[in-house]
1. Looking only at the stretch 150-173, which residues are farther than 23 Å from Ser132 by Cα and open to solvent by 10 Å² or more (accessible area, probe 1.4 Å)?
2. Quick one: which helices (runs of 4 or more DSSP H) sit completely within the stretch 331-440 and have at least 2 residues that are under 30 Å from Ala299 (Cα atoms) and either open to solvent by 30 Å² or more (accessible area, probe 1.4 Å) or touching a residue at least 40 places away in the same chain (Cβ under 8 Å) (or both)?
3. Of the conditions (1) in a loop (DSSP other than H, G, I, E, B); (2) open to solvent by less than 20 Å² (accessible area, probe 1.4 Å), Pro66 fails just one. Which one is it?
4. Quick one: would you say Glu114 is within 17 Å of Thr145 (Cα to Cα) and assigned to a helix (DSSP H, G or I)?
5. Can you spot a residue in the stretch 301-321 that is aromatic (Phe, Trp, Tyr) and either part of a helix (DSSP H, G or I) or within 29 Å of Met165 (Cβ to Cβ) (or both)?
6. List every residue pair whose Cβ atoms lie under 6 Å apart, where the two residues are 6 or more positions apart in sequence or sit on different chains, the first residue falls within the stretch 230-244 and is in contact (Cβ under 8 Å) with a residue 40 or more places away in the chain, and the second residue, located anywhere, is assigned to a loop (DSSP other than H, G, I, E, B) and not aliphatic (A, V, I, L, M).
7. Condition test on Asn237, is it within 27 Å of Leu283 (Cβ to Cβ), open to solvent by 20 Å² or more (accessible area, probe 1.4 Å) and at pLDDT below 85?
8. Only one of (1) open to solvent by 70 Å² or more (accessible area, probe 1.4 Å); (2) part of a loop (DSSP other than H, G, I, E, B) is not met by Leu269, so which one is it?
Amino acid sequence: ATGADNDLYINQAVVFIEDAIQYRSINHRVDSKSLWLYRWYYSRICQWILSLTITVILALAFVETPSSLTVTSDVRYRHPPWEPPCGLTESIELLCFLVFVVDVSVKSYLIGWEEFCKTKWLMAYILTLIVSLADWVVSLSFFCTETVRIRRILRPFFLLQNSSMMKKTLKSINSTLPEMASVVLLLAVHLSLFTMFAMLLFARTKDGQQDKEWVGYFRNLPDSLTSLLVLLTTANNPDVMIPAYSKNRAYSIFFILFTVLGNLFLMNLLTAIIYNQFRGYLLKSVQSSLFRRRLGIRAAFEVLSSLEETPANAQELFVNVGDLFQVLQKVEMDSRCKQAIIRSLKISSCDRLSAAQFQKLFEELDKEAIKQHPHSPEYRSHFMQKLQFVFGHSYFGYLGNVVALANIISICVVLVMDADKQPSERDDFFLGAINCFFILYYLLEMLLKILAMGLKRYWSYPSNRFDGLLTGILLILEIATFAVYGFPHPGWRPEFMGLLSLWDMVRLVNMLIVFRFLRIIPNMKFMALVVTTLLDLVKNLRAFAGILLVVFYAFAITGIMLFKGAVVPMGNIRPSLQQVVLLTSKKKCDFLALLNHFQAIIIYHLCYLLSFNLICRWAKIYFIAWWLISSVIWVNLFVALLLENFIHKWDRHCHREPLSDIEYQRTVELMFRDVLEEPTEEELMERLHQHPHLHLCR
């Protein structure tokens, strides 16, 4: 092999290992120019620009007409929002589209035509861009006066296609839908049967005074179905049953049975089925991610083995350790993993690595991230050692928790005593003096802990960072209060000065003190376990949060287009029902105002008053679809993965020895690591031979 070939093999191995680290597909071009373009595309700056572009195009909805940039959402009291001139947001949107065009062009070139035809996401990406650009041209043609903008609904797609984990999650959700449909069908049967029972039970009678239940909720089939559907969401509970219950207490049995069967049994059964089915599909997705990682590592081994002179009849290939060192110097990976791999190579006495040894070396990527806290300083003075022992002991932390609890109790006592007093009668002396004393103690406690543990060790604990940061903010606020209003004294009620009044400053300090009380969590074993698990879930469930954002965004934009103009401000006078009905029958609306003024149940009642005109039918379909997707399906999916992650972490923590100086961090992929199957060598080699751009020698 020539020097140019050697450089190419080294660069190919670098890219394949980086693909393995990020769980990316290796089916892309592997020539020198394409590898440079590939690494540039996945560099931090390019990915940051792409993420910023997605954020900007999604945020345009807050500025575009109707603008949400107002202090209050109440249409009666808010000032007219700022409306951007025609062409301003469209120009920003065009720049975003240009970035997306570059993005899809680079992706399409790198994977080649053969892979492009297999990638549905890329084809959907191009189609979305074409439709968005066409809609953008139409918008400018009408001078930004058109009411329907299709491209706004399509914007969340740019967020979806940029996240591989979100695409896997969406694929898993799509595979779970048939199982969910059976339970949703059972829920529909339950709803239909009880609707029939309700229409028979609350039928119209001769006595009009006793027909309040029929008039209000069960006049006909659509009304009955709607009332029970809303009851299933508990939005009209107990209003829907009050007229019947007032007439006869026995009617409560009907509503109790409906609620118990629907909410307690069927809805929880849906959660159980989704948990069982979705876990299997997500496990398959994570299994494919593991296969991608192993395939990338094996591809790197195969190209590096080409640098070694191997006999034609050799049964096994080897990689030179020196070549691997060159690769590791170029690879962008976590410093912990890189150092661990280099350490293993230096400890090993062999100059060459087999395929099994090479693969085992990179299993460091699958291990948990372990963070070890720095050691405490070693003092020579016997007195300092005594101080270090006292203030570094856990009992000193318990004393701080007791003091924090006493601070909370004292604030509660003062607030209860001043609850009924007028602002002019309130004396801020007691709260000011109490806060001053406790803040000084918190400062002393922080300094003594730093003395005992050392600054690096103190700052390595998240609880200490939280405690120290709040103590610093409290100290600054207290100094600012004294500088502006002087020291506390009886009758301390100075006039308003500066940005905040004295009472505002005291309230802000007290809120931070209450928030600081959360410091007790690390000292309570099981509570700390729950909280740390939930924090890990927040970090590891970004894909689910992203899809949830997509759902909210799409429904919000759809609601703006459907209900634009349904509510018009009537000044500070509450409009009568007839006026509201009249206004709702119009085809324009501010969706945010609609949600602010009316809950779903009120919209259902308006639909009845309007004899189910077009906009009310849209309202019913819209809100039922929203409830099904967001509450019935999506929330249960989220709970399913939440339970799986939580149970797994709980079991691991319960069986792990308590090590105070070590913190473990796991990802979603590592959550299923114990049950994943390793791919065989035959499977890996078969997939490598199918690579459209890589041609192996064997």
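1. Just the residues of the stretch 150-173 that are farther than 23 Å from Ser132 by Cα, to begin with: 165, 168-169, 171-173.
Met165, Lys168, Lys171, Ile173 - these are the residues of the stretch 150-173 that are farther than 23 Å from Ser132 by Cα and open to solvent by 10 Å² or more (accessible area, probe 1.4 Å).
2. Values: elements: 335-347, 355-361, 382-392, 394-417.
In the stretch 331-440, 335-347, 355-361 are the helices (runs of 4 or more DSSP H) which contain 2 or more residues that are under 30 Å from Ala299 (Cα atoms) and either open to solvent by 30 Å² or more (accessible area, probe 1.4 Å) or touching a residue at least 40 places away in the same chain (Cβ under 8 Å) (or both).
3. (2)
4. Details: within 17 Å of Thr145 (Cα to Cα): no; assigned to a helix (DSSP H, G or I): yes.
No; evaluated as a whole, the condition is false for this residue.
5. Residues of the stretch 301-321 that are aromatic (Phe, Trp, Tyr), as a first pass: 301, 318.
When the remaining residues are screened for being either part of a helix (DSSP H, G or I) or within 29 Å of Met165 (Cβ to Cβ) (or both), the result is 301.
Within the stretch 301-321 (the criterion being aromatic (Phe, Trp, Tyr) and either part of a helix (DSSP H, G or I) or within 29 Å of Met165 (Cβ to Cβ) (or both)), the answer is yes, since at least one residue qualifies.
6. Val230/Asn236
7. Working: within 27 Å of Leu283 (Cβ to Cβ): no; open to solvent by 20 Å² or more (accessible area, probe 1.4 Å): yes; at pLDDT below 85: yes.
So Asn237 fails the test.
8. (2)
The values are calculated or read from the model by the stated rules, or taken from the named source; none is laboratory data. All figures in this text were calculated on a predicted structure; none of them were measured in a lab. Here the Cβ is made from the backbone with ideal geometry for all residues, glycine too, and neighbour counts use every protein chain on show. Ligands, DNA and RNA are excluded from the accessible area calculation, which covers all protein heavy atoms including side chains. Shrake-Rupley method; radii C 1.70, N 1.55, O 1.52, S 1.80 Å.
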